[in-house]
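**Q** What follows is a structure written as structure tokens; I'll ask about it next.
The values are calculated or read from the model by the stated rules, or taken from the named source; none is laboratory data. Everything quoted here is computed from the prediction, not taken from an experiment. Here the Cβ positions follow ideal geometry from the backbone for every residue, glycine too, while neighbour counts run over all protein chains shown. Side chains included, ligands, DNA and RNA excluded: accessible areas come from the protein's heavy atoms. Shrake-Rupley method; radii C 1.70, N 1.55, O 1.52, S 1.80 Å.
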Amino acid sequence: MLRLVFLCVVAFAALTVVSGQRQVEEVLKWQQVEFDVPASVLSAPDGYIPINNIPMSGVHYKNRVFVTVPRRRWGIPSTLNVVELEPPYPVTNPVLKPYPSFELNELRADLQPDANRLVTVYRPRVDRCDRLWFVDTGVMEIPGNFTVVQRPSIWSIDLKTNQPLSRYEIPQKDVETGYGLTSITLDVDPDDCSKVFVYISDLQTYRMVVYDHENQKSWRFLHNYFFLNPLEGDFNIQGIPFAWDDGIFSIALSNPDPMTKFRTAYFHALSSNSEFTVSTAVLRNETASKRGYHGDDFKLLGYRGAQSQSSIHGFHPETGVIFFALIQLNAVSCWDTRKPFAPQNMAIVYKNDRDIIYPNDLSIDQEGNVWFMSNSIIKLLYTQLSLEEFNFHIWRANIKEIIKGTVCDPTVPPNVDHGQRFGGEQNADRVTFVEYKDKYGPGGGPYGGWGSDDKRKPTGRRP
């Protein structure tokens, strides 16, 4: 017990908490989610069950926020939705409008595959070419009734016309199902909108899926750094203890290198306090990414600090600052990529122990704001979610304002001039992974961790 308390103190001592949180604005909040869909849908058996609707994203584009509700339970009428922003803020219980239409979001009654319908969407992203990209996992993650409706697919929608632009079905050679494909990152050429690479985290099988949009092909590969750290898979949020084994969860991209034009990809597993890097020169090359031995292509960047497990992180191109959604600390932190990677060079820019209960999404918009969301899914999974309370929140903050005067401010010198690769003596929570062959393992996915021999179905608990 004394050791656990000490680790908490170390985490807060290393990550500076910004005094005053007036720079952060709550924009949207819900007690429960409601939809603008036909009344016949809402009244149908299992058509709409309020407590089962848990939003998973809050992505901003101009005057709209895209909110997804993955089909993890029955009673979810639409998975991809939009809210039109209109002050004053926060807007309370805004109704979700299916995007781009209800017809695209409505499931067939017989649950047969349909290339013109969406099943489950997690975290979409907007690119500089005014397109919304996302993965439809094709899966209904109903506990006790896990259903693969169709193949997973990668979509893009024109945000100016609200019309679908492309749909790429991920072949079975890359993934058995779409279960675990919960976040994507866009690598768009600065001069040519047709040249896009999409990097998809496969948190269940500890792999990354790469989609080459211009050449209409995809591949998947494994690396040891995509695994969880088994010493950092125990969580305690709002007094609720649990263990997760989620692997690679988020990928953030730097600005292109002026000489090579490639970017640095920063990535981490959910069940880990460490950050890793690799050049997109490796990710974009199928042969290079799939080779068995990578040499020093992949690098351990360093250690974020005790209890600093992060769901999603995002890079701000203008300042070079990365923001992390910290799920155990109920907070958002930042790090200036020009400074050594160490907890002392990071700052907590917003912390809210009452309302941030599992910060599940974070993104950077084109107007210089960071947006982040909390969805209280821990309560639904392990205790009880009350629809009398505000359970879902979306905040935004101007990036230059929120980092001003902190160690993340590019004008502020670093607190330490060296990185920290591992946990300290009192929180030595590192292990060395060895490479495993493709076989059944403890990943918990629908077909086993690494292989496809085991046919047990998952519980659908992963966020």
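**Q** Sort 32-45, 303-316 by the packing proxy (mean of other Cβ within 10 Å over each peptide's residues), most packed first. Don't jump to the answer; show the numbers that get you there.
**A** Details: 32-45: 14.2, 303-316: 25.1.
The peptides rank, most packed first, as 303-316, 32-45.
**Q** Provide R421, R73 ordered by accessible surface of protein heavy atoms (probe 1.4 Å), highest first.
**A** Numbers: R421 125, R73 45 Å².
From most accessible down to least: R421, R73.
**Q** Put +1 on the Cβ of each Lys and Arg and -1 on the Cβ of each Asp and Glu in region 24-403; which of V67, A44, G302 then has its Cα farthest toward the positive end of the dipole?
**A** Positive-end residue among those listed: G302.
**Q** Using the heavy atoms of the protein chains and a 1.4 angstrom probe, tell me the accessible area per residue for the chain in square angstrom.
**A** On the way: 18380 Å² over 463 residues.
Per-residue accessible area for the chain comes out at 40 Å².
**Q** What is region 61-165's relative contact order, in percent, from Cα pairs under 8 angstrom and six or more apart in sequence? Walk me through the numbers on the way to the answer.
**A** Numbers: 201 pairs, mean separation 23.7, N = 105.
Rounded, it is 23 percent for region 61-165.
**Q** Straight-line reach only, C-alpha to C-alpha below 16 angstrom: list the aspartates and glutamates that K400 could link to, leaving out same-chain residues fewer than 8 apart.
**A** Within reach: E25, E318, D336, D365, E367, D409.
**Q** Given the options V82, V126, P94, identify the residue whose Cα lies farthest towards the positive end of the charge dipole of region 72-136 (+1 on Cβ of Lys, Arg; -1 on Cβ of Asp, Glu).
**A** V126
**Q** Tell me which of I378, G292, C408 sits at the most positive position along the dipole axis of the chain, charges placed on C-beta atoms (Lys, Arg +1; Asp, Glu -1).
**A** Of the options given, the answer is G292.
**Q** If the reach is capped at under 15 angstrom between alpha carbons, list the aspartates and glutamates near K160, excluding any in the same chain fewer than eight residues apart.
**A** E84, D127, D130
**Q** If DNA, RNA and ligands are ignored and the probe is 1.4 Å, what is the ranking of Y293, Y266 by accessible area, most exposed first? Working shown, then result.
**A** Working: Y293 180, Y266 25 Å².
The most accessible residue leads, giving Y293, Y266.
**Q** Would you mind checking the radius of gyration and Dmax of region 236-311 based on alpha-carbon positions, in Å?
**A** 15.0, 49
**Q** Between D297 and I49, what length in nm is gained on full extension when 0.36 nm per residue of separation is reduced by their alpha carbon distance?
**A** Values: separation 248, 0.36 × 248 = 89.28 nm, distance 4.75 nm.
Fully extending the segment from D297 to I49 adds 84.5 nm.
**Q** Restricting to Cα pairs below 8 Å that are 6+ residues apart, what does the relative contact order work out to for region 201-265? Please round to a whole percent. Walk me through the numbers before you get to the answer.
**A** Numbers: 83 pairs, mean separation 18.9, N = 65.
Contact order relative to length: 29 percent.
**Q** Could I ask something else about it? Whenever you get a sec, compute what percent of the accessible area on the chain sits on carbon and sulfur atoms (1.4 Å probe). Don't jump to the answer; show the numbers that get you there.
**A** Details: 9300 of 18380 Å².
That fraction is 51 percent.
**Q** Counting alpha carbon pairs within less than 8 Å and at least 6 residues apart, what relative contact order, in whole percent, applies to region 24-403?
**A** Working: 966 pairs, mean separation 50.7, N = 380.
Result for region 24-403 is 13 percent.
**Q** Then there is this: Among DSSP bridges having both ends in the chain, what percentage is antiparallel? Round to the nearest 5.
**A** On the way: 96 of 102 bridges.
If I count the DSSP bridges inside the chain, around 95 percent turn out antiparallel.
**Q** Treating only the Cβ atoms of Lys and Arg (+1) and Asp and Glu (-1) as charged, compute the dipole magnitude of the chain about its Cα centre; round to the nearest 20 debye.
**A** Details: 47 positive and 53 negative charges, 109 e Å.
I would put it at about 520 debye.
**Q** Here is a further query. Which value, in Å³ per residue, describes the convex hull spanned by the Cα atoms of region 24-403? Intermediate results must be reported in sequence, preceding the final value.
**A** On the way: hull volume 52.6 nm³, N = 380.
So the per-residue Cα hull volume is 138 Å³.
**Q** Determine the calculated [θ] at 222 nm for the chain from helices alone, applying -39500 (n - 2.57) to every DSSP H run no shorter than 4 residues and normalising by the residue count; nearest 500 deg cm²/dmol.
**A** Working: 7 runs with 42 residues, N = 463.
That comes out to -2000 deg cm²/dmol.
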